[in-house]
Structure formats: structure tokens, C-alpha cells
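J.: Sharing a structure with you now.
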Amino acid sequence: MGKEGKRIILAAALSFLVLIAFQYFMAKNQKPASNFSQKRAVTEEAAAPEIKVKETAAVVKPAKAAVIEKTKVVLKSEDLVFSTPSSVITFNTAGGCIKHWVLNDYKENGKQIDMVWNSDRNIFPGTLVIPSLKFEDNVVYKAKQTETGAEFTAVVKGVAEITKTYSFRKESFTCDITLNIKSLNKEVKNITDAKLYLGVGVNNHFIYNDKGVILEKDMKKIVENMAVFSNIHYLDKTVVKNIFGMKQTVNEKQEPDFIIKDAEKQTGAGELSWLGIKDKYFISVFIPRAGSGMRGEEHALMFSPKLEQKKDNITKEVDSHFAMPVASLLLPAFDGEKGGTFAMAYYSGPILYENLDAFKVGLYHAMDLGWSFFNVIGLGMLIVLKWCYAFTFNWGLAIIVVTVVLKAITWWPTQKSYQAMKKMQDIQPEINALKAKYKDNPQKMTEETMRIYKEKKVNPLGGCLPMLLQIPIFVAFYAVLANAIELKNAPFLIWSDLSVRDPYFVLLILMLATMILQQKMTPATDPQQAKMMMWMMPAIFAFIFWSLPAGLLLYFTVQNILSIVQQWMVNKKPATVT
């Protein structure tokens, strides 16, 4: 390597060190964790979803459909607000449930994220219902603060006596929930239908469809659509499933047993390890104690509100119907007179590997890092990415470092691929001569072509096979960058959030420019085909990548630049064709 090359490497290294130092000194200090605080307030009307709904809208129960009829409760209730280092949680005495779970360090559209869907139609997390005792979700509890959380007590004469305790784990997004249930109804001995609701959504999204509400008149079709778009997952022993049938086998193969039929409620067949509802970056999940005998249950929550439809400056009322899946824990059967005690953990926060893995129940399978094989590689990539962040102090720099490391790992197979393509280009004149000589004898042309390949020691597939070895790595890293919450709101240079589309299209332009340059440098056996590919491939990638997260574009841009350098080194040396 000449002096000029050494100077380039030295300049690049110094620039990188300057960037690291800049990120280190500009990093913001985190605010100190706050202690628990409490305040009481009259419950305010919750915000409705982003559709105009008349206050008189009724809930319609379709025939033969197992649904939850939800009516608006006109009761004054009290809020209890608690602060933890990670979240601000608001409980409500009506139902003794979680009304808000606001994350301190995560925002969307400039507002802090609330893990609970804010609507009076919601069945809030922590709501207990026992139909056989006629214990409903609108029972008002008495509440008191404890050292670690809150305790709710409800005594309904002739029905039941309930104590519900929430105990927060400090420095985490978790609280432990304990239920003590005793029947006061002498006619009901064995209780088999007690259930604790997880809710209907997180992060103000309908869990089955991030784009909005499915408006249909056919109730059965609604629920079928809900089954397609449902985003509720649980781990039933060794199988990760979507409650309506989709699954991912972990250790053993089982047939799907949760395909919805005629809008019936679905109940898990085995003991539950965990039950969660999630979107791309966040999850709310119940983790029952091992051996508790709890099962997961799903219902269809149906609404038929009146909507205002505006067309040609004319506004009219239209009937509409939509459904939302509701997840709950079905408690094991117990003697109502003796009472039962049930315990579980409740996690509501970001989908972070270390947080989910800490429960040791396979909860990390809720992460979207690709299929089983790629999931394993993706977890490794995520760990390496976080390790790089630990010393670069910036996720953009961490992506660059990991990209360089991946390029170093795949350098040898890529080099072999480039060299094979260079050899193919060098012997192309001889191949073209054979084609002209034996154009009327395809068999002879094939024989002579193979002879030249053998004499020149050229493998026609040599340019492809080494590249195939890299596909699992690139696919896994792609999944990590597309789904890792670590990149949410992560700044880098002029970009404020690497998890969203580049608003300036700078990275897209750089990626396409480097792709075109790389195509021009790549050896080709057919100049016309190479010219077509040089412009067609960037056009296809522009269509696919224009809306992808900036972090992904940063990875591909750096990858292209490194590939250009490697291609230049290969092209500079003559191919060794004997």
C-alpha cells in the first residue's frame, strides 16, 4: 500500500475518532429517577379513537357470536397516579384497573407514549370479571397506597370479595399483580370463569391493524379480518402462536388449534407461559407464575357506531361495524367458598431483549427478528450492535461499525466472487468466438465452452455461490435495523430519528448513487445487460427503500461504499487466468 493509501486510512480513522468524541461530549445526561408519588382526581372523559362517533352509539351483539357487551359507565371514580423511574401509571377505582401507563423515555409525534388505548370503549388492563358471580368490570374498588404500589378492595354483598394488589419493581417496566378472590354467593361453589383482562391495544393503535379501523357490516367477515390482522401473541409451552392460528414452532411441531370459527371465543388448550399484545416496538404482557394453570382467552369486542361520512360536501350518517380482539387470562377453577389466590407479572414497555429475556419464559420470541434461523442470527447482531453503541455513544456510528465488521467477515467470500466475475469477463472474447464458430452446433459449443472453463480454471457459478453465504447475515441485520426499538428517536448527524424515513432523502440519494457506481465497476460478460441492470436495479431499490427507516439506508450506503473499495482493489489487479 502506497503513502497515499496510508494517508486515506489515517484520515478516516482520525475522522471516526473525532465523531466518537463529539457524540460522547454531546450525549445528554439522564434525569435522576423519581420516587413514587400519588394524587387523586376525578376521572375525565377518555379520548375517543380518530373517528367521529355519536355519543348515543350502541354496542351491537351479533347472533351466535361470543362477544363482550361494553356499555358506557356513568360513574364518578378516582384516579391514583404513581411515578416510577420508567413510567407514570394511572389506576382507576372503577374496575381497579390500569387506565394509563405512560413511558417516560419514549415519544411518538412529540407526545409520550401511553401503553393503554385511551377510550371509554376499552376494557382496561387489570380488569377482573367473574360472569358466574355477576362480578362486572365496572365495580368501584376502595384503594390505598402501599410501599411498592397500590391495593384495591371490593366487597359486593352476596357476590364476591376481591383484593387486587399491584407491586412495582423499581428500575423496570414491571409490576407484580396478586388477586385474592372469595365468593359470597353460596349457590356458586366452583368458579371456572374468572378472567383478568390484558386489554385491547397498546400505543393508541388497534392491535389488529395499525392503519385504522376495519369498517364492515358483515360481523363474521369483521372477525375473519380481525383474525388476519390480529397482533396478539402468546407462548403455549413450546409454540409461539397468534391466538387465531398463526404460529412459530420453537421446539416441537403442533397443529394450529386457534382458527376462529363463527366468531366463537378462543381458549388456549394448555397452560400459559405468557400472553401479550404488541405493536412494532412495544408490548404489554402477563406472565403467570409457573404451574399456575392459567390459560389464554380471546374475545371479539364488537361496536356498531354511527359515523359521519362526508362526500361531495354532503355529510350523512352511515352504519358501521368494527371489531377488536380482546385478550385475557382465564384463571384456573377454584372453590369459591375457600377462595383462590393468583399471581402474575405484568410488563408494559419497550421490546428490549434484556428486559424480555429476564423473565426466563421465552418472551424474547415476541421480537420480530425474522424466522427461527434468522432470529438466532438477528439476536447475535443485536447484541453486537448494542456493544458497539456502548463505546460509540451513537446508534448511527454503531451501525457503521457493525457494517464494517460484517464487511470484514464477508470480505473473503466477496473477494472470491469478484475475482470469479473478473475471470469470466477476461475469457469472454474466447467464449464469444466459440459462439460465432459453433452457432449451428449447440452441443459442440457447450463442450468447447466447458473445455475453456476447465483450462482457464474458471467456475461460471463462482460469482454467485460465495455471495449466498452472506445472505443469512444481511437478512438478519436487516430485520434488526427494521425492528429494533433502540433506533427509535436515535439521532445521527442531521437525522433526528433513525427508525423513521429520511425526511431529506439524503441517504436514499447516496445509496442509489453508490449502487450505480458499483454497478459500473462490476465486471460484466454482456455489456448491454450490464447497462440495463445499472439503471434498473437502482430504480427498483428506490421504489422499495424510499420509505424505509434511515438506519437501514445508512447500513446499505456504507455497505455499498465498502463494496466499491473492494471492487476497485480487485479491478486494479489483473485476473490470474492461465
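The values are calculated or read from the model by the stated rules, or taken from the named source; none is laboratory data. Every value quoted in this text rests on a predicted model; they were computed, and no experiment measured them. Quick reminder, even Gly has a Cβ in these numbers, built from the backbone with ideal geometry, and neighbours come from all protein chains shown.
J.: Evaluate the range 359-370: report whether one residue or more is free of Cβ contacts under 8 Å to residues at least 40 places away in the same chain, in the same structural domain as L103 (by TED's automatic domain parsing) and not in a helix (DSSP H, G or I).
T.: yes
J.: Now for a separate question. For the structure I just gave you, tell me whether A550 is more than 20 Å from Q425 (Cβ to Cβ), crowded, with 19+ Cβ neighbours inside 10 Å and at pLDDT 85 or above.
T.: Here the answer is yes, as A550 does meet what is asked.
J.: Hey, another quick one. Checking the structure you have, find out if any residue of the range 524-546 is in the same structural domain as M421 (by TED's automatic domain parsing), charged (D, E, K, R) and at pLDDT 75 or above.
T.: Checked the range 524-546: no residue is in the same structural domain as M421 (by TED's automatic domain parsing), charged (D, E, K, R) and at pLDDT 75 or above.
Conditions tested, residue by residue: (1) under 25 Å from Q518 (Cα atoms); (2) among the hydrophobic types (A, V, I, L, M, F, W, C); (3) assigned to a helix (DSSP H, G or I).
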{"residue": "V384", "(1), (2), (3)": "no, yes, yes"}
{"residue": "W387", "(1), (2), (3)": "no, yes, yes"}
{"residue": "F391", "(1), (2), (3)": "no, yes, yes"}
{"residue": "V402", "(1), (2), (3)": "yes, yes, yes"}
{"residue": "K407", "(1), (2), (3)": "yes, no, yes"}
{"residue": "S417", "(1), (2), (3)": "yes, no, yes"}
{"residue": "L434", "(1), (2), (3)": "no, yes, yes"}
{"residue": "Q443", "(1), (2), (3)": "no, no, yes"}
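J.: Run down I409, I314 and say which single residue is modelled with pLDDT under 90 and outside the structural domain of G158 (by TED's automatic domain parsing).
T.: Selected residue: I409, the only one of I409, I314 that is modelled with pLDDT under 90 and outside the structural domain of G158 (by TED's automatic domain parsing).
J.: Does G158 meet the test of being at pLDDT 90 or above and in a loop (DSSP other than H, G, I, E, B)?
T.: So G158 does not fit the description; no.
J.: While we're on this one: Which one of the conditions (1) surrounded by 20 or more Cβ atoms within 10 Å (Cβ to Cβ); (2) farther than 19 Å from G276 by Cβ; (3) not hydroxyl-bearing (S, T, Y) does K186 fail to meet, given that it meets all the rest?
T.: Result: K186 fails condition (1) only.
J.: Can you tell me which residue is modelled with the lowest pLDDT among those in the range 352-396 that are touching a strand residue (DSSP E or B) at 6+ places or on another chain (Cβ under 7 Å) and hydrophobic (A, V, I, L, M, F, W, C)?
T.: My answer is A366.
J.: Would you point out the residue of the range 271-298, among those that are among the charged types (D, E, K, R) and either assigned to a strand (DSSP E or B) or free of Cβ contacts under 8 Å to residues at least 12 places away in the same chain (or both), that is nearest to S87 (Cα to Cα)?
T.: Across the range 271-298, the extreme among qualifying residues is K278.
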